[in-house]
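Single-structure report; data block below.
The values are calculated or read from the model by the stated rules, or taken from the named source; none is laboratory data. Since we're looking at a predicted model, the values are computed, not measured. Please note: Cβ atoms are built from the backbone with ideal geometry, for glycine as well, and neighbour counts cover all protein chains shown.
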Amino acid sequence: EGNALISAGKPDAALAKYNEALKFAENGEDPEVFFNRGIAYKVKGEIEKAAAEYERALEVTPKYAEALNNLGNIRKDQKQYDEAIRCLELSIEVFPDNPNTYNNLGTVFAMKGNFNKAALYFTKAVRLQPSYIDARQNLGLAYQQQGRLDVAEKEFGEALQMTMGMKLREEKRLEAARVMVDQAKKPGSPLTFEQRNNAGGELDAAEQASRMANAKYQRSLKLFQSVRARR
């Protein structure tokens, strides 16, 4: 229930649920609850509290891959690069098949200016998840910094195709949501009660998804055009 509240953008309500769940935990310690509280605090923008919760989860379960990944991301954003690398490398040791962690680790090395290592980790992320758009864009940027414009263009081109497809899919979803809202307003609508009741929420979600897809497409297009202009 707390996780659903996080998804609904209600971190305070989620924290109340997690705190209640902790009362029933053995010795008042549950690494999953600590982890979820960390997510809630991160959503609230209370970064140090989030980090403290991830650390509490790791005290109970030192090989908690997701907590290591999230803590590493916080340290990355705080420019504590060595600590970020330590956390992310430990996360990979525990769970070597998470493309997000490789992408995060590549980002740390890119921020440190080590584009050779950054490209290595971005490549691993893409191999694990070929449809990982952010990792492909990051890989292209690393190649660009290395002066390898041909392979940078290839990665940006792949990302551009993916984001174009995503943009078109979300536009169709948005169009269908608008049709559903129109139908829900008409007397004698063929929609079920549940469909009519959910039409507005689906339209809001479709509009947000369409905006996000368009932003990803525009970024991909800009990156592709920028590397083309340099060749």
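Yes/no per residue for (1) β-branched (Val, Ile, Thr); (2) surrounded by 20 or more Cβ atoms within 10 Å (Cβ to Cβ); (3) closer than 27 Å to LEU128 by Cα; (4) within 18 Å of the chain's Cα centre (by Cα):
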| site | (1), (2), (3), (4) |
| --- | --- |
| SER7 | no, no, yes, yes |
| LEU22 | no, no, no, no |
| GLU55 | no, no, no, no |
| GLY72 | no, yes, yes, yes |
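Could you check segment 95-128 and list, in sequence order, the residues that are of a type in the set (S, T, N, Q) and either in contact (Cβ under 8 Å) with a residue 40 or more places away in the chain or buried (at least 17 other Cβ atoms within 10 Å of the Cβ) (or both)?
ASN98, ASN100, THR101, ASN103, ASN104, THR107, THR123
For (1) over 17 Å from LEU139 (Cβ atoms); (2) surrounded by 15 or more Cβ atoms within 10 Å (Cβ to Cβ); (3) free of Cβ contacts under 8 Å to residues at least 12 places away in the same chain; (4) touching a Gly at 6+ places or on another chain (Cβ under 7 Å), each residue gets a yes or a no:
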{"site": "VAL151", "(1), (2), (3), (4)": "no, yes, yes, no"}
{"site": "GLN161", "(1), (2), (3), (4)": "no, no, yes, no"}
{"site": "ARG169", "(1), (2), (3), (4)": "yes, no, no, no"}
{"site": "PHE193", "(1), (2), (3), (4)": "yes, no, yes, no"}
{"site": "ALA206", "(1), (2), (3), (4)": "yes, yes, no, no"}
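The one condition from (1) assigned to a helix (DSSP H, G or I); (2) over 30 Å from LEU120 (Cβ atoms); (3) more than 18 Å from the chain's Cα centre (by Cα) that ILE85 does not meet is (2). When each of SER189, SER131 is tested for being outside any helix (DSSP H, G or I), at pLDDT below 95 and in contact with a helix residue (DSSP H, G or I) (Cβ under 8 Å, 6 or more places away or on another chain), the lone residue that passes is SER189.
Take ILE39 and tell me if it is in contact (Cβ under 8 Å) with a residue 24 or more places away in the chain, among the β-branched types (Val, Ile, Thr) and surrounded by fewer than 16 Cβ atoms within 10 Å (Cβ to Cβ). No; evaluated as a whole, the condition is false for this residue.
Scanning segment 195-204 for residues that are in contact with a helix residue (DSSP H, G or I) (Cβ under 7 Å, 6 or more places away or on another chain), over 25 Å from ILE133 (Cβ atoms), surrounded by 15 or more Cβ atoms within 10 Å (Cβ to Cβ) and not aliphatic (A, V, I, L, M) yields one hit, ARG196. Among the residues of segment 56-73, just one is closer than 12 Å to VAL33 by Cα and charged (D, E, K, R), namely ARG56.
In segment 164-172 there is at least one residue that is part of a helix (DSSP H, G or I), among the aliphatic types (A, V, I, L, M) and either under 18 Å from PRO99 (Cα atoms) or under 17 Å from the mean Cα position of the chain (by Cα) (or both). Screening ALA51 on (1) farther than 23 Å from GLN129 by Cα; (2) of a type outside the set (Asp, Glu); (3) touching a Ser or Thr at 6+ places or on another chain (Cβ under 9 Å) shows it passes everything except condition (3).
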